[in-house]
Amino acid sequence: MIGTGMNSLSTPPATVARAARFRPLAALVHPLTLRAVSFAIALLAWEIAGRWPVSPSFPPFSETATAFVALLSDGSLLRAFGVTLTPLAIGLAVSGAVGVGIGVAMGLDERVEWFGVPIFIVLQAAPLAALVPILVMAYGIGLLTKVSIVCIMAMPVIVLNSFKAVRHAPRSLIEMGTSFLGTRAQIIRKIILPAATPVIFAGLRLGAAAGFVGAVLAELLVTPTGIGDIITYNQSIADYPKMYAAIAAIIMVSVGFIEILGFVEQRFLRPETRRTA
Amino acid sequence: MITTLPAGSAGMPPSAHPGRFGDGIPAAAAPDGIVEVRGISKTYGGGVEALNNISLTFPEGALTSLLGPSGCGKTTLLKIIAGLVAPTAGEILVKGRRVTGPGPERSFVFQDFALMPWATVLRNAAFGLELRGVARSEREAVAERYIEAVGLKGFEHKYPHELSGGMRQRVGLARALAVNADVVMMDEPFSAVDEQTRRRFQEDLLRLVAQERKTFLFVTHSIEEAVYVSNRIVLLSRRPSRVQRIIEIDLPRDGDPDRIRRHPDYLDTVEDIWQGLRHYVE
Ligand SMILES: Nc1ncnc2c1ncn2[C@@H]1O[C@H](COP(=O)(O)OP(=O)(O)OP(=O)(O)O)[C@@H](O)[C@H]1O
Ligand SMILES: [Mg+2]
């Protein structure tokens with residue numbers, strides 16, 4: 001054993017072969033592998049905690065997965081998503097467009113800033129679930145109320161991040177744009193907005209996560225529909241695996257959506273971040 | 001030949017053109033200089049008096065260095081000439097016209113590079129032309145030429161974070177040259193690189209200056225660098241800055257760089273400036 005090792009060190013071709021043989025080690029520390037491993041450990045911990053059991057209402061991963069397949073195959077999960085995603089999609093689209101617009105305007109113009117910043121700081125700090133009854137009183141229990149809840153949850157962080165991103169656009173780049181005779185519009189479009197993109201997108205990702213919370217919250221607090229219906233119904237009949245399967249499903253969709261946002265940013269808006277990542 | 005003018009005669013035209021440019025420049029171009037600084041003072045908001053009544057003339061087609069201790073207001077003066085900072089008093093004339101803001105006849109190389117991290121070398125170098133609305137193919141052709149001239153051929157599609165500090169500064173130089181301004185202002189362009197690279201850049205700069213036949217305003221706090229690259233050195237005193245001395249330099253620039261650095265005039269001038277500064281410090 002030792003002899004072979006020394007041999008391979010002293011002769012170059014064998015060293016090359018050794019290096020080639022050890023390459024799987026590099027694959028082992030690849031970010032994707034590490035992610036998969038950490039994911040597997042979390043699932044394993046879930047399984048163990050569920051079998052222990054921590055609580056009778058906490059099913060292990062395997063049972064939850066079985067329940068997930070059942071919900072998926074009888075079509076109820078997809079139907080529920082159809083219902084839940086409607087106010088969510090509308091709310092996120094509105095929050096994204098309006099929120100980035102307001103935030104950018106606040107960053108560009110101090111008068112808008114003075115007007116807007118206090119509102120959104122209060123909104124961000126307020127326990128928004130407390131507003132739900134008021135919204136129900138104002139708009140009833142329909143789509144509008146649910147869209148409003150999604151917006152209230154998602155908008156503040158999107159606005160405040162967009163604002164900070166624009167306000168902190170590097171002065172030296174703006175000065176450079178001025179010195180090369182850029183107009184105000186050119187400087188906003190070609191310098192300030194690209195410079196602000198990473199922080200705006202961080203806000204969009206946080207806002208999207210908050211919007212998912214808002215959509216489920218709306219279904220739990222207003223009227224049980226969609227995913228919220230599966231959760232409350234299965235909780236009431238103590239079918240905990242199905243309840244957790246529904247929760248896991250909405251988390252997966254949320255994570256997937258946030259990943260897509262990150263991909264869009266890297267692919268189309270800040271190509272230089274791709275090579276380092 | 002080295003001429004030292006007393007500070008009081010700062011506004012006087014130089015008696016002769018530096019030899020290196022002698023052939024290409026019409027004799028009439030010099031009288032008032034391409035850039036006139038008239039009684040410029042600058043006091044910043046916090047009460048910091050950066051410049052106090054500075055008057056200067058920058059001759060056309062020459063490279064003039066502003067040399068002075070850190071914090072004496074070199075960047076401030078350059079940015080006032082560039083139209084990026086408003087003076088508290090005084091006025092700047094460029095080609096006889098009063099400066100009220102940036103203009104197409106001036107371009108700037110920034111101390112901190114000011115490159116857009118999301119844009120390739122090519123787009124950064126072409127950015128001045130992009131802002132002027134020059135068509136893409138045209139501006140990229142121009143930028144490619146200057147990227148090659150500053151020695152970055154092959155790096156057109158790299159991003160700034162993939163370049164060394166010195167290479168980034170060259171992108172900034174290519175961008176400033178690509179807009180074809182008459183006056184190119186450079187704020188300590190070589191301060192971010194090691195001594196070896198710096199010397200190579202200085203040699204490249206001399207070559208570019210000879211090729212481009214533009215007026216260069218160059219800020220540095222290295223005496224050797226100023227003497228090596230300049231036709232004229234303006235020595236600034238400590239804050240609030242005044243013009244302490246103006247030194248004309250006429251070294252044979254076309255030869256071997258090492259010969260210039262060993263030239264008795266080069267060594268004498270470096271020593272002379274150093275003695276003057278030391279006298280001033282003590
Ligand atoms: N925007 C500003 N506001 C207030 N004070 C400033 C500002 N910019 C520069 N100063 C002050 O003005 C003085 C001159 O600054 P300047 O940057 O022009 O010096 P400098 O000669 O370029 O220095 P260095 O060699 O370190 O680059 C300094 O004391 C600095 O603190
Ligand atoms: Mg400076």
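The values are calculated or read from the model by the stated rules, or taken from the named source; none is laboratory data. Note that the coordinates shown come from a computational prediction; the quantities given were computed from them, not determined experimentally. Reconstructed Cβ throughout: ideal geometry from the backbone, glycine too, with neighbour counts over all protein chains shown. Surface accessibility is based on the protein's heavy atoms, side chains included, excluding ligands, DNA and RNA. Shrake-Rupley method; radii C 1.70, N 1.55, O 1.52, S 1.80 Å.
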The percentage of the accessible area of the protein assembly as shown (probe 1.4 Å, all protein chains present) made up of carbon and sulfur atoms, to the nearest whole number, is 63
Taking N as the number of residues in segment A:200-277, the ratio of its alpha carbon radius of gyration to 2.2 N^0.38 Å works out to 1.41
The set of residues whose placed amide H lies less than 5 Å from the amide H of B:G90, leaving out same-chain residues fewer than 5 positions away, is B:S41
When the charge dipole of the protein assembly as shown is computed with +1 on Lys and Arg Cβ and -1 on Asp and Glu Cβ about the Cα centre, the Cα farthest towards its positive end, among A:A89, B:I40, B:P102, belongs to A:A89
Along principal axes, largest first, the alpha-carbon spread of chain B in whole Å comes out as 51, 46, 39
Taking Cα atoms only, helix B:165-178 is inclined relative to the longest principal axis of chain B by an angle, in degrees rounded to 10, of 90
For B:L63, the residues 5 or more places away or on another chain with a placed amide H closer than 5 Å to its own amide H are B:F216, B:N231, B:R232
Surrounding charge for A:N234, neighbours by C-beta under 14 angstrom, Lys/Arg +1, Asp/Glu -1, total -4
Once phi for every residue in segment A:93-108 is put through the Karplus expression 6.51 cos²θ - 1.76 cosθ + 1.60 (θ = phi - 60°), the whole-Hz ³J(HN,Hα) values, with Gly and Pro written as x, are 4, 5, 4, x, 5, 5, x, 5, x, 5, x, 5, 4, 5, x, 7
Rounded to a whole number, the mean other protein chain Cβ count within 10 angstrom for residues of B:114-122 is 5
Listed by chain and number, the aspartates and glutamates with an alpha carbon less than 16 angstrom from that of B:K158, same-chain partners under 8 positions apart left out, are A:E272, B:E140, B:E144, B:E148
Rounded to the nearest 10, the angle in degrees between the Cα long axis of helix B:136-149 and the longest principal axis of the Cα atoms of chain B comes to 50
So, relative contact order of segment A:61-273 in percent, Cα under 8 Å, 6 or more apart, is 29
Cα-Cα longer than 29 Å, checked against A:K164/A:K190; A:K146/A:K190; A:K164/B:K79; B:K79/B:K214; B:K153/B:K214; B:K74/B:K95, kept in input order, equals A:K146/A:K190
With every protein chain kept in place and a 1.4 Å probe, the protein assembly as shown has an accessible area per residue in Å² of 48
Counting sequence-distant residues (5 or more places) and residues on other chains, those with an amide H built under 5 Å from that of B:S241 are B:L51, B:N52
To the nearest 10 degrees, the tilt of helix B:195-212 (Cα long axis) against the first principal axis of the alpha carbons of chain B is 90
Accessible-area order for A:F68, A:F120, largest to smallest, probe 1.4 angstrom, reads A:F68, A:F120
The summed charge of the B:F190 Cβ neighbourhood (under 13 Å; Lys/Arg +1, Asp/Glu -1) stands at -3
Once B:E36, B:E60 are ranked on solvent-accessible area with the largest value leading and a 1.4 Å probe, the list reads B:E60, B:E36
With no solvent term and unit scatterers on the alpha-carbon positions of chain A, Debye gives log₁₀ I(q)/I(0) at q = 0.10, 0.14 Å⁻¹ of -0.72, -1.07
In segment A:173-210, the residues losing 50 Å² or more of accessible area (1.4 Å probe, heavy atoms of protein chains only) relative to their chain alone are A:L173, A:E175, A:M176, A:S179, A:F180, A:L181, A:K190
Chains B and A: accessible area buried, summed over both chains, 1.4 Å probe, nearest 100 Å², reads 2100
Which of B:G103, B:G133, B:G90 fluctuates most in a GNM of chain B (C-alpha springs under 10 Å)? That residue is B:G133
Here the relative contact order (percent) of chain B, from C-alpha pairs under 8 Å and at least 6 apart, is 27
Going residue by residue through segment A:261-272, the Karplus relation 6.51 cos²θ - 1.76 cosθ + 1.60 with θ = phi - 60° gives ³J(HN,Hα) values, rounded to whole Hz and with x marking Gly or Pro, of 4, x, 5, 4, 4, 5, 6, 10, 10, 10, x, 5
Expected vector for segment B:66-73, Karplus 3J(HN,Hα) from phi with 6.51, -1.76, 1.60 and θ = phi - 60°, integer Hz, x for Gly and Pro, equals 9, 10, x, x, 4, x, 7, x
Measuring from its Cα centre, segment A:61-273 shows a charge dipole (+1 at each Lys and Arg Cβ, -1 at each Asp and Glu Cβ) which, in debye to the nearest 20, is 640
The answer for the net charge of residues other than A:I258 whose Cβ lies under 13 angstrom from its Cβ, with Lys and Arg +1 and Asp and Glu -1, is -1
